[in-house]
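These notes are about the structure you will find just below.
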Amino acid sequence: MNSQSTPVHIRLWHRDFWLMAIANFLLTMSVYLLVPTLPHWLLMEQEFSPLETGIAMASFGFGLFALGMFVSFLVQHYRRNQVCVGAVIAVGALIGLLYYLNGQRFQFCDLQMIILQRFALGAAFGLAQMVLTSTLIIDTSESFQRTEANHSAAWFSRFALSLGPMTGLLLERLVSYHVVLLAAMGCAAVVAVLILMVHFPFRAPEDDVPTVSLDRFFLPHGFPLFVNLQLIMLAMGILFSTITSELFFAMMMVGFLGALLAQRFVFRNAELKSEVVTGLILISTALLMMLTRTQQIVHFAAPAFVGFGLGLIGSRFLLFFIKLSRHCQRGTSQSTFLLGWESGIAWGLGLGYALFYAQPQQGLITALVLTVASLVIYNFSHNWFASHKNR
């Protein structure tokens with residue numbers, strides 16, 4: 001049967017899994033609080049040009065790949081939870097650097113420093129997320145529950161995609177950007193505490209583990225799907241660069257909740273292809289509405305469609321990567337999905353600010369073209385997936 005319904009095991013939702021799922025949510029929140037607020041600070045307070053701001057935002061995406069090839073070595077030679085905690089502390093410290101720079105009100109930041117900070121933040125966040133999703137979350141669940149564990153934990157980080165920017169914009173408008181940075185650092189601190197609250201038994205390191213490898217980092221035979229996912233998220237990054245409204249991200253959350261329910265009741269036994277196709281059509285519809293309509297209802301419906309579509313697409317692509325993985329490659333499939341999702345958003349934000357800062361209509365048109373291209377490409381990549389899956 002070419003369909004998939006992820007089963008629900010109530011025993012999966014024990015204390016340790018809850019702690020790891022919440023840690024996943026807060027870690028993503030710490031980064032997404034800055035998505036709409038950091039560019040505003042760079043443009044308005046630091047007087048960066050749109051091009052410089054775009055380069056700074058895009059550098060996060062390059063940083064995501066910096067430490068991935070060392071993940072397998074690190075978790076084999078050191079306590080895996082301590083590796084994750086160290087990376088989370090680095091995330092908090094790098095956000096703290098922005099807090100310090102923001103406090104120097106009469107000194108302008110150097111572009112190279114901001115680019116380096118964003119690159120390092122991407123590297124630390126990527127390492128923390130790879131260890132958390134590819135190792136720690138899996139370690140808290142039984143072998144027969146791991147697909148459900150991956151699926152459920154990913155929803156927590158997906159929620160942060162809407163709640164993070166919404167919270168950041170609210171804090172910036174109601175209080176100050178200083179408080180946004182404090183909130184981001186607070187999220188990182190709580191993540192470190194949550195991970196330390198879970199006991200992970202010591203595992204003797206394997207012999208002859210190479211220092212550099214693709215294990216827990218990248219799944220080479222998933223490359224066609226990786227490119228397809230990146231194109232979709234590139235469009236979303238460009239879209240997010242045009243949004244400065246809390247309402248948009250609040251309605252995205254409504255769309256996410258709708259997608260979660262639809263997966264359980266509407267797409268329960270549907271053909272696998274239907275969810276991604278439906279998601280891309282919904283996102284294309286939302287972009288068309290934003291381009292051609294000005295009615296008040298568009299401000300509610302369009303972001304809800306985006307959230308609904310992204311929820312369906314994210315869940316299904318994650319399952320595709322899991323199904324492509326071979327024995328002992330589940331963690332690698334998680335990291336590959338993470339890289340495609342996060343780097344696409346980061347590079348889309350970079351392109352959005354660098355090329356379309358004062359031309360939101362052009363940005364929306366570009367996002368629409370990329371979404372339609374992704375739909376066309378998906379018709380081929382899905383057939384490729386069906387003939388190459390291993391599960």
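The values are calculated or read from the model by the stated rules, or taken from the named source; none is laboratory data. Model, not experiment: these values are computed from the prediction. Here Cβ is always computed from backbone atoms with ideal geometry, including for glycine, and neighbour counts include all displayed protein chains. Ligands, DNA and RNA are excluded from the accessible area calculation, which covers all protein heavy atoms including side chains. Shrake-Rupley method; radii C 1.70, N 1.55, O 1.52, S 1.80 Å.
Compare TRP384, TRP155 by solvent-accessible area with a 1.4 Å probe and give them largest first, with all protein chains kept in place.
Values: TRP384 60, TRP155 10 Å².
Ranked from most to least accessible, the order is TRP384, TRP155.
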When the dipole is taken about the Cα centre of the chain, and only Lys, Arg (+1) and Asp, Glu (-1) are charged at their Cβ, what size is it in debye, to the nearest 20?
-> 880 debye
Using DSSP to define loop residues, name the chymotrypsin sites (Phe, Trp or Tyr not before Pro) in region 80-151 whose beta-carbon has at most 14 other beta-carbon atoms within 10 Å.
-> PHE106, PHE108
Length-normalised contact order of the chain in % [C-alpha pairs under 8 Å, at least 6 apart] | 28 percent
Label points 7 Å out from Cα along the Cβ direction at PHE200 and HIS14: separation in nm?
-> 1.7 nm
Mind listing which trypsin sites (Lys or Arg not before Pro) in region 233-334 are in a DSSP loop and have 14 or fewer other Cβ atoms within 10 Å?
-> ARG268, ARG293, ARG326
Just how much of HIS199 is accessible, in Å², when a 1.4 Å probe is used and the result is rounded to the nearest 10?
-> 140 Å²
Can you pull the Rg over Rh of region 99-159, Cα-only, Kirkwood?
-> 1.25
Backbone N within region 328-367 under 20 Å of label point (7 Å from LEU247 Cα along the Cβ vector) = 360-361, 364
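Remind me, relative contact order of region 43-174 in percent, using alpha carbon pairs under 8 angstrom and six or more residues apart?
The normalised contact order for region 43-174 reaches 35 percent.
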Measure out, as a whole number of angstrom, how far apart the alpha-carbon centroids of region 126-182 and region 284-320 sit.
-> 21 Å
With every protein chain present, what is the per residue accessible area of region 145-216 (1.4 Å probe, Å²)?
-> 46 Å²
10 Å beta-carbon shell around PHE60, net charge (K/R +1, D/E -1) = 0
Please name whichever of SER274, ALA286, LEU318 sits farthest to the positive end of the charge dipole of the chain, dipole taken about the Cα centre and charges placed at Cβ: Lys and Arg +1, Asp and Glu -1.
-> SER274
Calculate, in nm to one decimal, what ASN383 and ALA93 gain on full extension: separation in residues at 0.36 nm each, minus their alpha carbon distance.
-> 100.0 nm
Within the accessible area of the chain (1.4 Å probe), percent carbon and sulfur | 66 percent
Which length gain, in nm to one decimal place, applies between ILE22 and MET44 when the Cα-Cα distance is subtracted from 0.36 nm times their residue separation?
-> 4.6 nm
Under a point spin-label approximation (7 Å from Cα along Cα-to-Cβ), what is the ALA358-LEU288 distance to one decimal in nm?
-> 3.2 nm
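Rolling a 1.4 Å sphere over the protein heavy atoms, what is the accessible area per residue of region 242-334, to the nearest Å²? Numbers along the way, then the final one.
Details: 3670 Å² over 93 residues.
Counting only protein heavy atoms, the per-residue value for region 242-334 is 39 Å².
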Calculated from DSSP H runs of 4 or more alone, at -39500 (n - 2.57) each and per residue, what is the 222 nm mean residue ellipticity of the chain, nearest 500?
-> -24500 deg cm²/dmol
Relative packing of peptides 73-79, 182-188 - highest average C-beta neighbours within 10 Å first | 182-188, 73-79
Rh (Kirkwood; distinct C-alpha pairs) - region 175-295, Å | 19.5 Å
Whole-number D in µm² s⁻¹ for region 285-325, Kirkwood Cα-pair radius fed into Stokes-Einstein, 25 °C, 0.890 mPa s | 213 µm²/s
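Per Stokes-Einstein, at 37 °C and 0.692 mPa s, what whole-number D in µm² s⁻¹ belongs to the chain, with the Kirkwood radius over Cα pairs as the hydrodynamic radius?
On the way: Rh = 21.0 Å.
D, rounded to a whole number, is 156 µm²/s.
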Give me the percent of Cα-Cα pairs in region 229-352 that sit more than 17 Å apart, rounded to a whole number.
-> 59 percent
